[in-house]
Amino acid sequence: MSDDASGQTVQPETTRRFAPLVVLLSAAAAGILVDRCFLLPVWVWLAAGGTSLSGWFFFWLRGRTRISAWILLGAAACAGAARHHDHWNLYRADELGRAADEAPRPICLRAAALTSPRRVAAPPDNPLRTRPTGERSRLLVDVAEIRDGRAWRPASGTAELYVDGHVLGVQAGDRLHVFALFSRPPRPLNPGDFDLAWHRRCDRQWVQLEARFPDAVRVVAPGA
């Protein structure tokens, strides 16, 4: 507040701020929630989004800004729902997770290291653990090929690779030759336990890999 020449108190002018991106983000989040609850086919969201954009353009040309804004929010919701459906449900036909079971099975594959190895401390002693576990290494890999007999077949998928011991000489971007066990991430055995399978699915990781010794991971080509 300030005083003018006549001695009267003048209130400062306040401007009303509007954040349109927050509204669009809220609409997209609403679409994600609807797709998570009802799991409609992705073509439904794409068709609804295309129709909404056409309706928005039609009313915007005629100066109906209010109704066109609501229709545009509907298109944003459809875009969020389609993006969520694609991330959660749509995988390539050669996705490695399609062949994985809960029981580990041996596999030989070629992959690219997306991260450098990180050391994982040994867990505390647990008499219920069937196999003692020491320090391990963990890295994220992008699967490229799997060996089928003497031939190599294309494959895809992102997975966490755990290696017993310390993996040395591997950096992000390296091409790797890996001998490991692959399986689906475990689901919780008791109510309230951490759901690792759901957590990995959020990152589009449908499979996990475990190597018993560091020599099972070999660099075949260094990264750029």
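The values are calculated or read from the model by the stated rules, or taken from the named source; none is laboratory data. The structure presented is a predicted model; accordingly, all values stated were derived computationally and were not measured. FYI the Cβ positions are ideal-geometry reconstructions off the backbone, even for glycines, and counts take in every protein chain you see. Each accessible area value is taken on the protein alone, full model and side chains, heavy atoms only, with ligands, DNA and RNA left out. Shrake-Rupley method; radii C 1.70, N 1.55, O 1.52, S 1.80 Å.
What residue among H177, V120, G165 has its Cα farthest toward the positive end of the dipole of the range 104-186, where the charges are +1 on Lys, Arg and -1 on Asp, Glu, each on the Cβ?
H177
Report relative contact order for the chain in percent, whole number only (criteria: Cα-Cα under 8 Å, sequence separation at least 6).
So the answer I get is 18 percent.
If one computes P(r) from the Cα atoms of the range 118-199, what percent of pairs lie at distances over 18 Å?
Summing the P(r) tail past 18 Å for the range 118-199 gives 58 percent.
Can you send over the carbon and sulfur percentage of the accessible area for the chain, probe radius 1.4 Å, protein chains only?
Within the chain, the accessible surface is 58 percent carbon and sulfur.
What full-extension length gain, to one decimal in nm, is calculated for S54 and E210 as 0.36 nm per residue of separation minus the Cα-Cα distance?
Gain on extension, S54 to E210, equals 51.1 nm.
Tell me, what ³J(HN,Hα) does each residue in the range 149-160 have, in order and in whole Hz, if you take phi through Karplus 6.51 cos²θ - 1.76 cosθ + 1.60 with θ = phi - 60° and put x for Gly and Pro?
Karplus-based 3J(HN,Hα) across the range 149-160 equals x, 9, 9, 10, 10, x, 8, 8, x, 10, 8, 7 Hz.
Highest mean first, what order results for 112-124, 70-82 on Cβ atoms within 10 Å?
Highest to lowest by the protection proxy: 70-82, 112-124.
Taking a 1.4 Å probe, which of W45, W206, W56 shows the most accessible area, and what order do the others take after it?
W56, W206, W45
Using a ≥ b ≥ c from the Cα gyration tensor of the range 84-224 (square roots of the eigenvalues), is it rounded, prolate or oblate, where a/c under 1.5 gives rounded and otherwise the larger of a/b and b/c decides, a/b for prolate?
Oblate is the answer for the range 84-224, as a/c is 1.5 or above yet b/c matches or exceeds a/b.
Leaving ligands, DNA and RNA out of it, rank E145, E102, E135 by accessible area with a 1.4 Å probe, largest first.
In descending accessible area the options line up as E102, E135, E145.
Size of the dipole of the chain about the Cα centre, Lys and Arg at +1 and Asp and Glu at -1 on the beta carbon, nothing else charged, in debye to 20?
Magnitude of the dipole: close to 540 debye.
Determine ³J(HN,Hα), in whole Hz, for all residues of the range 28-40 in sequence, where each value follows from phi through the Karplus function 6.51 cos²θ - 1.76 cosθ + 1.60 and θ = phi - 60°; x replaces Gly and Pro.
5, 5, 5, x, 4, 5, 5, 5, 5, 7, 10, 6, 6
What value, in deg cm²/dmol to 500, does the helix sum -39500 (n - 2.57) over DSSP H runs of n ≥ 4 give at 222 nm once divided by the residues of the chain?
Theoretical 222 nm ellipticity from helices: -10500 deg cm²/dmol.
Decide, for the range 14-78, between rounded, prolate and oblate: order the square roots of the alpha carbon gyration tensor eigenvalues as a ≥ b ≥ c, take rounded if a/c falls under 1.5, and otherwise choose prolate if a/b is larger than b/c, else oblate.
Here the range 14-78 falls in the oblate category.
Which residue, V141, G192, W43, has the largest displacement toward the positive end of the dipole of the chain when charges sit on each Cβ (Lys, Arg +1; Asp, Glu -1)?
Result: W43.
Long-range amide H contacts for I146: which residues qualify at under 5 Å (H placed 1.01 Å from N, peptide plane, sequence gap of 5 or more or a different chain)?
R110, R153, A155
Given a 1.4 Å probe, how much area per residue of the range 22-103 is accessible, in Å²?
Heavy-atom accessible area per residue stands at 63 Å².
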